[in-house]
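S.K.: Mind looking over this structure? Questions follow.
None of the figures in this text is laboratory data; all of them are computed from the coordinates on show. Just so it is clear, the model here is predicted, and its values are computed rather than measured. For neighbour counting, all protein chains shown are included, and Cβ atoms are generated from backbone atoms with ideal geometry for every residue, glycine included.
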Amino acid sequence: MNRCLWSWEGVVAIWREEPSFRFWFVLNICSVGLAFWLPLSTEGRALIVALGLVLLAAEALNTGVEAAVDRSGMEYDALGKYAKDAASAGVALVAIAAGLAWVILIYGLL
């Protein structure tokens, strides 16, 4: 039970402190709404919902990496930059995957 509470506290903290998380969350609400408004297959809708959740998870992990690196010191560190860039790339790759899924699903409707 505590694990669920800690996870929820993490979501609340990220929501309060991270504008990027709020951006992706709002975009996902719109995306899921559109997926259920359009005549997509059940599988297509499931893909959009799943990719949206993966995107939010990637953003949460990115936020955690950034916080850990920033906590370790304010001076420039090449390894810290690498970690932050890699985490950010993870978010970008999931966003690209979600965008491509939308393109394929819309193409299938034409």
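S.K.: Checking Gly108 against (1) in contact (Cβ under 8 Å) with a residue 40 or more places away in the chain; (2) touching a Phe, Trp or Tyr at 6+ places or on another chain (Cβ under 7 Å), which single condition isn't satisfied?
M.R.: (2)
S.K.: Among the residues of the stretch 55-103 satisfying the criterion of being crowded, with 17+ Cβ neighbours inside 10 Å and β-branched (Val, Ile, Thr), which is farthest from Trp37 (Cα to Cα)?
M.R.: Step by step, filter the stretch 55-103, then rank; the result is Val69.
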